[in-house]
Amino acid sequence: MRGKWGNERGSVLLLGIGLMGVILLGISVVTDASLAFLQRQALQARADAAVLAGVQAIDLDHYYSHGATEATRLVPGSAREWVRQHVQEGQIREPIPGLAVVAVDGSDRLLSAELSAPLRTAFWPISASITVRSSASLDYVG
């Protein structure tokens, strides 16, 4: 039997080295995918918080004279500025490297923001960015 197959010494070592390579590759892919997910989650939370801060920019004169009614509206210019200001303040507290405000759109009832940041990975050099969009509307429930 030994003569037919030859000398098989060290074949398990080669299989073990190959298996370790596959395992390390899998760990690196899972780690980078997890980092991307966490970065997207942090960016989405920042966008959501900024839009919620901006949607509080209502017409205060109308609010103080008539109370909260269906006629209560946002002040679009102020709302957009509040979104940008909230993003800047968040960058001071917890910076997200490369964060950029792509767009802030607003009307008298709706506000939306789009933020972007470069993807940072631990193992694989990927040149990509993460972009999230968040929106909020001013509704009266009474």
Note to self: Expected output is a single nm value to one decimal: the length gained when fully extending between Ile23 and Ala122, i.e. 0.36 nm times separation in residues minus the C-alpha distance. What is it?
What the structure shows: 34.0 nm
Notebook entry, point to check: In the set [x] 100, 31, 21; [y] 61, 37, 33; [z] 44, 32, 24, which value of Cα extents along the principal axes in Å was calculated from the structure you see?
Noted result: [x]
Checklist line | Residue exposure sequence - Ile58, Ile130, Ile27 - by fewest surrounding Cβ within 10 Å | finding: Ile27, Ile58, Ile130
Note to self: Using helices alone, I'd like the mean residue ellipticity at 222 nm for the chain: each DSSP H run of four-plus residues gives -39500 (n - 2.57), total over residue count, nearest 500.
What the structure shows: -17500 deg cm²/dmol
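Taken together, the values in this text are just the output of simple stated rules run on the coordinates, not laboratory data. These figures come from a predicted structure and were not determined experimentally. With ideal geometry, Cβ positions are generated from the backbone for all residues, glycine too; neighbour counts draw on all protein chains shown.
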